[in-house]
Amino acid sequence: MKALSAKFQTSAPDLASCPETNLPEFAFIGRSNVGKSSLLNMLVGAKALARVSSSPGHTRLINSYVIDDSWCLVDLPGYGYAKTSKADRERFAQIIASYLSGRENLAWIFVLIDSRHPPQKIDLEFVEWLAEGTVPFVLVFNKSDLVKAGALQRNIDRFHAALAEGGTAPPQVFAASSKTRDGRPELLRFISETLGHGRSAT
């Protein structure tokens, strides 16, 4: 599948403000400095679909885009940005939790992980929360161009092992880079298969 058109739909401050639509939504989330905006732009072949900022923590709303008039890409606020006030962090967490647990047409969550680092507590806790809530998710180890293949695989294995210790089954994993465009065909194929086969969010 090739993403041919991408149209901005809305920026919503909370779940109640999200648009009413029957289109399946594929949402992307990760720590605030994980390179999410660049990855989204690479994924749909648009230079400025999601705004890329030199400062992490830029995304503050639920931003949604209609892709090829057949599905929605959702850019969620990042989590764990230390320079954000405690009140804002709590507000973002509430926005994210309400969307992930209450959005009926949510198909999959793509959780972005920084390929360069061993498992981070905040990522593990977020993924475990998704698993406990039976929210459908996969992992995208981003910035794969910045780490050697062996180190990347070791970090993936460590992440899976850490999840297993907590009783969470290993999810499907993709490796991606906005610079080299690695992972783009695999991610779009995964979305295409979901759309074509009507895979349920379980």
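The values are calculated or read from the model by the stated rules, or taken from the named source; none is laboratory data. For clarity, every value in this text was computed on a predicted model and none was experimentally measured. Cβ: placed from backbone, ideal geometry, glycine included. Neighbour counts: every protein chain shown.
Taking ALA161, is it of a type in the set (A, V, I, L, M), at pLDDT 95 or above and closer than 23 Å to ILE67 by Cα?
no
Go through ALA46, ALA97 for me and flag whichever is farther than 25 Å from PRO118 by Cβ and at pLDDT 90 or above.
ALA97
Which one is surrounded by the fewest Cβ atoms within 10 Å (Cβ to Cβ), of the residues in region 126-139 that are in a loop (DSSP other than H, G, I, E, B) and β-branched (Val, Ile, Thr)?
The selected residue is THR134.
Restricting attention to region 17-31, report how many residues are within 11 Å of ILE62 (Cα to Cα) and free of Cβ contacts under 8 Å to residues at least 60 places away in the same chain.
The total comes to 2.
Can you work out which of the residues in region 9-40 that are surrounded by fewer than 22 Cβ atoms within 10 Å (Cβ to Cβ) and of a type in the set (A, V, I, L, M) is farthest from ALA175 (Cα to Cα)?
ALA16
Give me the residue from region 53-74 that is modelled with pLDDT under 70 and surrounded by 16 or more Cβ atoms within 10 Å (Cβ to Cβ) and, out of that set, nearest to the chain's Cα centre (by Cα).
Per the criteria, the residue is THR59.
So is PRO77 part of a loop (DSSP other than H, G, I, E, B) and modelled with pLDDT of 75 or more or not?
Yes, satisfied.
Residues of region 140-164 being surrounded by 18 or more Cβ atoms within 10 Å (Cβ to Cβ) and either of a type in the set (A, V, I, L, M, F, W, C) or not in a helix (DSSP H, G or I) (or both), which ones?
Selection gives VAL140, PHE141, ASN142, LYS143, VAL147, LEU152, ILE156, PHE159, ALA162, LEU163.
Residue check: is SER200 modelled with pLDDT of 95 or more, assigned to a loop (DSSP other than H, G, I, E, B) and either over 16 Å from LEU43 (Cα atoms) or touching a helix residue (DSSP H, G or I) at 6+ places or on another chain (Cβ under 6 Å) (or both)?
Taking the combined requirement at face value, the residue does not satisfy it.
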